[in-house]
Structure formats: structure tokens, C-alpha cells
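Below is one structure, written out as C-alpha cells; comments come after it.
Rule-based calculations on the coordinates, nothing more; no lab input. Quick caveat: nothing in here was measured; it's all calculated off a predicted structure. Here the Cβ positions follow ideal geometry from the backbone for every residue, glycine too, while neighbour counts run over all protein chains shown.
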Amino acid sequence: MTVLDTPAWRPRTDPAPLMPDPEPHRLLGTPEAARLDPALLRRAYAELVRGRRYNRQATALTRQGRLAVYPSSTGQEACEVAAALALTPQDWLFPSYRDTLAVVARGVDPVEALTLLRGDWHSGYDPKATRTAPLSTPLSTQLPHAVGLAHAARLSGDDVVALAMAGDGGTSEGDFHEALNFAAVWHAPVVFLVQNNGFAISVPLGKQSAAPSLAHKAVGYGMPGRLVDGNDVAAVHQVLTDAVERARGGGGPTLVEAVTYRMDAHTNADDATRYRDEAEVEAWRGHDPIELLERELTARGLLDDELRQTAADEAEAFAADLRERMNADPRLDPGELFAHVYAEPTQQLRRQEARLRAELAAERGQEHH
Amino acid sequence: MAAPTSASVTAPAAGAAPQPVPGRGIGSRKPATMAQALNRALHDAMAADERVHVMGEDVGTLGGVFRITDGLARAFGDSRCTDTPLAEAGILGTAVGMAMYGLRPVVEMQFDAFAYPAFEQLVSHVSRMRNRTRGTMPLPVTVRIPFGGGIGGVEHHSDSSEAYYLHTPGLHVVTPATVADAYGLLRAAIASDDPVVFLEPKRLYWSKADWSAEDPEPVAPIGQAVVRREGRSATLITYGPSLPVCMEAAEAAREEGWDLGVVDLRSLVPFDEDTVADVVRRTGRALVVHESSGFGGAGAEIAARITERCFHHLEAPVLRVAGFDIPYPPPMLERHHLPGVDRILDAVGRLQWEEG
């Protein structure tokens with residue numbers, strides 16, 4: 001025995017069990033799919049159809065000037081829906097700006113979920129009541145929040161798991177590294193879901209990372225990495241549920257890489273034809289999350305016209321309600337911008353608020369003339 | 001050095017020895033350092049509220065490189081006083097999550113310049129979470145940062161970073177200059193529902209004053225400046241590490257015939273404009289003193305506010321005595337950078353006395 005064999009220097013974790021599978025895990029269309037719960041598949045189907053309709057409606061709202069911007073998750077609905085379904089009500093979700101569908105699938109009012117993207121100053125929904133953190137715009141900066149919250153819950157003896165969402169580009173950020181390292185060291189009950197949709201705005205994964213897979217990054221931190229077909233809602237749900245249960249049982253964090261594709265441009269303001277071929281998009285259209293599930297349901301005789309129609313009707317009603325409520329002009333009070341900067345406004349803020357209110361009063365006076 | 005005008009010539013200020021407050025621990029007051037008072041504040045805050053968690057690099061077993069967290073892990077356990085991985089953004093980022101869950105984290109950044117990796121968390125999340133959530137999710141996080149020079153530190157160990165923080169809406173920026181304030185302001189920072197950047201002047205860690213740990217004197221809430229010395233010729237406005245220098249300068253100025261007042265801001269945000277304006281209106285001349293670089297520094301904001309509020313009372317432009325606009329110099333040269341008594345008195349001499 002040398003000093004190199006003493007516990008502080010010896011590698012402490014066998015990396016083999018942490019390694020992701022070489023190929024993304026799939027369930028739909030495989031023999032294993034026969035064991036899947038029909039009720040879960042039906043629910044997932046309805047959620048996917050609604051999710052696709054939500055993405056279409058939100059994108060339409062940008063064209064009508066009702067949303068300032070919308071980063072679409074079209075093509076990624078299986079990840080968004082499965083993330084929400086894998087959590088219990090006491091768990092926490094930490095979404096990025098592309099994850100409003102996961103927020104909506106958790107049960108948050110879509111108008112509230114879209115508040116920031118509408119161009120308002122606050123996050124809309126109440127994070128404590130919904131156990132959903134505000135959408136995070138700076139990439140991966142919400143991941144350490146998830147770790148800290150999960151850690152705090154564990155210290156308090158509470159049964160809470162945090163699920164944090166990021167994209168392939170987000171894995172290059174320093175906060176991604178720090179969050180995973182803290183999570184592993186603290187054994188925090190947190191699950192990281194990376195949706196590898198192929199692009200960080202225009203930059204493809206090959207310019208983002210030279211890792212064997214993004215899931216492999218987990219091994220360096222001492223946590224398991226799982227690779228899953230992100231368009232296979234059953235597989236994503238199973239992998240996430242396993243990770244959540246592992247965290248809940250004291251097993252620590254997991255990194256999940258879901259391989260998927262961003263069918264739309266980065267946002268409505270982006271032009272994807274400048275950096276990718278239509279042929280690639282077309283190829284992914286043949287691996288659509290809704291179609292994959294439809295094929296499975298059809299093969300097992302679980303998809304009849306009634307389910308199809310019910311899901312379509314529900315999605316349409318959901319979209320119509322969203323459209324109607326988003327078309328109403330929101331009532332904004334500019335003076336409220338000063339109300340929550342601090343618990344008590346400083347004297348300087350009070351003077352500035354008075355100044356703004358005076359300007360508003362003068363504007364109203366001019367309108368009356 | 002120009003002589004002050006007759007209007008401003010006054011007798012030296014009467015001895016301003018602090019009067020003990022009757023019934024408040026007079027018997028138990030004994031010399032204590034600022035470091036001891038800060039340590040005691042953390043200890044008392046953790047004892048009073050189990051939601052208070054201390055976290056940072058080397059804060060546990062070692063007790064921090066300045067020993068401010070000495071004994072806390074022993075007294076409260078590793079889970080309340082946690083040695084974190086060496087990653088400042090991760091430390092503050094996880095503290096955000098802990099605060100979201102209802103804890104009151106007190107984060108130690110080991111040195112001023114090592115806090116910069118946490119800047120994004122501070123600016124994009126810590127300062128904004130209350131606002132972003134319309135008040136439903138306040139973040140009671142205290143970020144302790146040993147700051148400033150004068151201790152012979154090598155590069156990156158002597159920065160004055162207050163200007164970066166005070167420019168960020170949503171943060172309180174507090175810095176104590178006395179032993180009693182170190183205790184009282186840190187307790188107030190931890191008790192605050194708003195995030196507080198708590199800047200600890202490194203070179204005052206070992207400064208001593210008579211103080212009672214068992215019965216600490218009450219300290220005003222965050223946001224109130226204090227007049228450390230009344231004066232009638234001119235007012236020195238300062239904070240944190242520069243307070244003792246200003247007090248020394250005011251004492252030395254008596255030989256020149258100047259009766260200088262000294263205001264200790266204690267908190268840069270909120271900025272106590274009323275106290276500063278009241279004092280400056282009485283003296284008509286003001287000098288802002290800090291060791292951080294002058295350009296775009298706290299002194300620029302303070303001077304502008306004074307001009308806006310006291311213009312017709314001013315006998316001279318508000319001057320600033322600050323560090324030079326250079327990267328913080330190495331230990332062998334830092335004494336040339338730090339504003340000292342002579343540089344302050346020289347500036348006082350330029351307050352247009354001859355035109356009064």
C-alpha cells in the first residue's frame with residue numbers, strides 16, 4: 001500500500017454503473033412497450049396533442065403581437081410532458097425559457113406561464129404555490145437553484161425532488177458544471193434533464209461539446225448518466241421516473257440526456273434556414289413524438305377515433321381559451337415596477353415612483369385634451 | 001495649505017467620547033476585535049434561528065481563512081456550517097435554492113476578487129427574485145465579502161468591489177467600520193428579508209474596541225448613516241475601511257484650524273441622503289473618501305447627490321479622495337494607492353477656503 005492508495009486519493013467510485021447506455025433508451029415500438037400502462041399512454045397522448053397545439057398557438061400569438069417572443073418546443077413535447085408527469089405535486093420543477101410547456105403540463109395556467117414572454121415584468125405564476133421556479137433565461141443558472149432547494153428539503157427531512165431542465169448549449173455553461181458537482185457532493189435529490197435538441201440557436205452540438213455524449217458528463221461527477229430517445233415519451237417518462245424515485249429514495253442525483261430535435265427556429269425571431277438543411281428537419285419529422293406514440297397505441301388497439309377526437313377537441317378548446325385570454329390587453333401599472341425591488345422601497349425609489357406617476361398623470365391629462 | 005476663512009474657523013470639537021448607555025452591559029465591556037464581533041454575530045444568529053445556514057470555502061473545520069466562522073461547525077454541525085466545493089457561482093447559486101425553500105443562507109466569499117464568479121447569480125437572480133416573483137419569493141441571502149486592501153495581500157486579495165454591487169437594484173450593500181456595527185449590522189443583514197452584500201473591511205478585522213458580547217449595544221437598522229464626529233468647517237463622508245483614516249485626518253486637521261465632521265455611511269444601499277444632506281448643509285463643504293478607484297465609484301454618486309440636494313449651501317465643489325484608477329497595486333506599493341491623512345488634508349485645503 002502506498003499513499004496513493006489512501007482513501008483521499010484513490011478513486012472512490014466505480015465508473016461502470018454510472019455509464020450511460022451506448023444508444024438512447026427506447027420503449028415505443030419495442031417488445032418492452034407491451035408492459036406499459038395503457039392509462040399512462042393515453043394520458044401522455046392527450047398531453048402531447050395538447051402540447052403541440054399549445055406550441056402552435058403560442059407561435060401564432062407572436063405573429064399577432066400578443067407575445068414578445070416564443071421559444072417553441074415543437075418536436076420536444078415528449079420531454080416537456082414527461083418531465084411534468086414524472087413529478088408529484090410536492091416536487092419542484094426548474095424550467096428554462098423553452099420549457100413553458102412543461103410548466104403548463106404541471107397544471108400552471110398558460111397565460112401565467114407566458115407572462116414573461118408576453119413582455120411583462122414578472123414571472124406570472126406563484127413559484128411557491130405551484131412549486132415551479134420562474135423561467136430562467138440565463139442558461140443553466142437555475143440548475144444550482146434546484147440543487148440548493150433539493151438540498152434544503154433533504155436537510156429538512158421533506159420528501160421533495162427537484163427536476164431541473166437545460167439544453168445542449170446549457171451544458172457548456174459553468175453553472176452546469178458547478179450544479180452537477182454540488183449535487184453529487186451533497187447527494188442532493190435532484191434530476192437534471194438535458195434536452196439535446198441539436199442546436200444552441202445556430203451552433204450545432206459538434207461545436208458545443210466533444211464528450212462521448214452529454215450523458216457521459218455525469219460520470220465525472222460521480223452520478224449516473226442516462227441516455228434516452230427524447231421523442232419517445234414512454235422512454236423519457238420511465239427514465240425520469242426512475243431517476244426521480246432514485247433521488248426520492250436517497251440515491252442522489254442523475255443526469256438524463258434526451259436526444260430530440262427543435263423543429264422550429266430558436267424563436268420566432270430566428271431564421272433556421274441559415275444554419276441547417278431542410279433534409280435534416282424532414283428526417284426528424286419522421287421521428288415525431290406524437291406519431292411514435294400513435295403507432296404504438298394503434299398497434300395495441302388503444303387508439304380509437306374517440307380518443308383521437310377527444311384529444312383533438314380538448315387541445316382546440318385549450319388553444320381557443322388561451323387565444324381569447326391573450327387577446328385581451330393586460331392591465332399594467334407601471335408604478336408597480338417599484339413595489340418589489342426591496343421589501344420596503346428606498347427613499348430614492350419612492351421619489352422615482354412619484355416622478356413616474358406624475359408623468360403618467362400628465363399623459364392622461366394630455367389624452368383628455 | 002490654505003487657511004480656512006473666519007466663518008469656518010471654530011474651536012476644536014469638544015471631546016466626543018461615547019457616553020455609555022445606562023444599564024447596558026457597562027461592566028462586561030472589554031476589548032474585542034471586529035473579527036470576534038462578526039463571529040459572535042454569526043453564532044448568535046444561528047442560535048436564534050435554525051434557518052440560518054453558513055456556507056463557503058473553508059468555513060467549517062478551518063473556521064474560514066480569517067477565522068470569522070471559527071467554531072460554528074463545531075457548535076451547529078456540518079449541515080449548518082458547510083464547507084462547500086470551491087466554486088463561488090455554485091455556492092451562491094445553491095444558496096438561492098436554499099433561500100427559495102425558506103432557509104436564510106449566509107454565504108462567505110473568501111476574498112473580494114474571488115466573488116466575481118458569483119456575479120451573475122447575484123445580478124441575475126439574487127437581486128431580482130423578489131421583483132420577478134412579485135414579492136412572493138424574497139431571497140434572504142447574506143453575502144459576506146472580505147474586501148479592500150491594506151493587509152499586504154498579493155494580487156486579487158485587496159479589491160474594493162462595492163461599486164459593482166451598489167449599481168444593482170435589489171441588493172443592499174452594507175459595510176461596517178466599527179466593532180459594534182460589525183455585530184449589529186451583520187445581525188440586521190441576516191434578519192433582513194432582502195439580499196445583503198455585506199462588505200467586511202479586511203484591514204479592520206483586527207481593530208479593537210470595548211464591546212460586550214453578552215450585551216451588545218443596539219445598532220440602528222440598515223440604511224442609517226451615523227455622524228461619527230461633529231464638525232463645523234467641512235464634512236468627510238466615508239464608510240468601511242476609510243473611517244479610521246478619516247477620524248485620524250479630522251484629528252490632525254485641528255492643527256490646521258479646521259473642525260472636520262465625519263459621517264460613516266454604514267450602508268451604501270440604501271443610501272441615507274437625509275443625514276448626509278443635513279450635515280453638508282451645516283458645513284457647506286464636503287469631501288467623500290474611499291479607497292476604491294474614484295472613476296465611477298461610490299464617491300461619484302454621493303458627490304452628485306450632495307450637489308443636487310445642497311447646491312445653494314455649498315461653498316466649494318464636493319471633492320473626492322479615492323484610490324487611483326489603477327488595478328490594485330502590489331503589497332510593496334499599496335501605501336501609495338490608499339488615501340491617507342495627508343491626501344485627505346490636502347484635499348480639504350482645496351475646498352476654496354480663500355473664496356469663502
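Below is a table of values for the structure above.
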{"quantity": "Average partner coverage of B:123-132, which counts Cβ from other chains inside 10 Å", "calculated": "5"}
{"quantity": "Cα centre as origin, Lys/Arg/Asp/Glu Cβ charges: chain A dipole, Debye", "calculated": "680 debye"}
{"quantity": "Under 14 Å from B:K202, Cα to Cα: aspartates and glutamates that are on another chain or at least 8 residues apart", "calculated": "B:E108, B:D112, B:D159, B:E162, B:E291"}
{"quantity": "Calculated from backbone phi, Karplus (6.51, -1.76, 1.60) coupling profile of the range B:204-216 in Hz, x at Gly/Pro", "calculated": "9, 3, 9, 5, 10, 8, 6, 7, 10, 5, 6, 9, x"}
{"quantity": "Inter-label distance, nm, simple model (7 Å from Cα along the C-beta direction), A:S172/B:D342", "calculated": "5.3 nm"}
{"quantity": "Other-chain or far-sequence residues with amide H under 5 Å of B:I237's (modelled H)", "calculated": "B:V263, B:L287, B:V288, B:V289"}
{"quantity": "Shielding of B:135-142 by partner chains, average beta-carbon count, 10 Å", "calculated": "3"}
{"quantity": "Distance from the range A:291-340 to the range B:137-210 (C-alpha centre basis), Å", "calculated": "49 Å"}
{"quantity": "Residue-averaged beta-carbon neighbours from other chains (10 angstrom radius) around B:75-86", "calculated": "2"}
{"quantity": "Surface/4 of the Cα convex hull for the protein assembly as shown, nm²", "calculated": "39.8 nm²"}
{"quantity": "Beta bridges by DSSP in chain A, antiparallel share as percent, to the nearest 5", "calculated": "10 percent"}
{"quantity": "Qualifying trypsin sites (Lys or Arg not before Pro) in the range A:265-363, DSSP loop, other Cβ atoms within 10 Å at most 14", "calculated": "A:R300, A:R331"}
{"quantity": "Translational diffusion of the range B:31-211, µm² s⁻¹ [Kirkwood Rh, Cα pairs; Stokes-Einstein; 20 °C; 1.002 mPa s]", "calculated": "134 µm²/s"}
{"quantity": "Positive-end residue, the range B:243-356 charge dipole about Cα centroid, Cβ charges, pick of B:G297, B:P331, B:W353", "calculated": "B:G297"}
{"quantity": "Fewest-first sequence of A:T6, B:T136 by Cβ atoms within 10 Å of each Cβ", "calculated": "A:T6, B:T136"}
{"quantity": "Positive-end residue, the protein assembly as shown charge dipole about Cα centroid, Cβ charges, pick of A:L303, A:S123, A:L18", "calculated": "A:S123"}
{"quantity": "Value of [θ]222 nm, deg cm²/dmol, for the protein assembly as shown, DSSP H segments ≥ 4, -39500 (n - 2.57) each, nearest 500", "calculated": "-11000 deg cm²/dmol"}
{"quantity": "Full-extension gain in nm, A:A361 to A:D120, via 0.36 nm per residue minus C-alpha separation", "calculated": "84.6 nm"}
{"quantity": "Chain B: C-alpha pair distances exceeding 37 Å, %", "calculated": "19 percent"}
{"quantity": "Shape category assigned to the range B:205-356 from the gyration tensor of Cα positions, a/c cut at 1.5", "calculated": "rounded"}
{"quantity": "Stokes-Einstein translational diffusion, the range B:192-234 - Kirkwood Rh over all Cα pairs, 1.306 mPa s, 10 °C, in µm²/s", "calculated": "112 µm²/s"}
{"quantity": "Projected label distance in nm at B:H313 and B:D278, using a 7 Å step from Cα toward the beta-carbon", "calculated": "1.0 nm"}
{"quantity": "Cα gyration tensor shape for the range A:166-273, rounded if a/c is under 1.5, else prolate or oblate", "calculated": "prolate"}
{"quantity": "Chain B: relative contact order as a whole-number percent, Cα under 8 Å and 6+ apart", "calculated": "18 percent"}
{"quantity": "Footprinting exposure proxy for B:E256, A:E178 (fewest neighbouring C-beta atoms within 10 Å first)", "calculated": "B:E256, A:E178"}
{"quantity": "Amide H within-cut-off set for A:W92, under 5 Å, with H built and near neighbours excluded", "calculated": "A:V161, A:A162, A:L163"}
{"quantity": "Spin-label pair B:W206/B:D193, simplified geometry with 7 Å Cα→Cβ offset, distance in nm", "calculated": "4.2 nm"}
{"quantity": "From the C-alpha gyration tensor of the range A:13-326, square roots of 5λ in Å", "calculated": "27, 23, 21"}
{"quantity": "Fewest-first ranking of B:F311, B:F147, A:F338, using other Cβ atoms within 10 Å as the exposure measure", "calculated": "B:F311, A:F338, B:F147"}
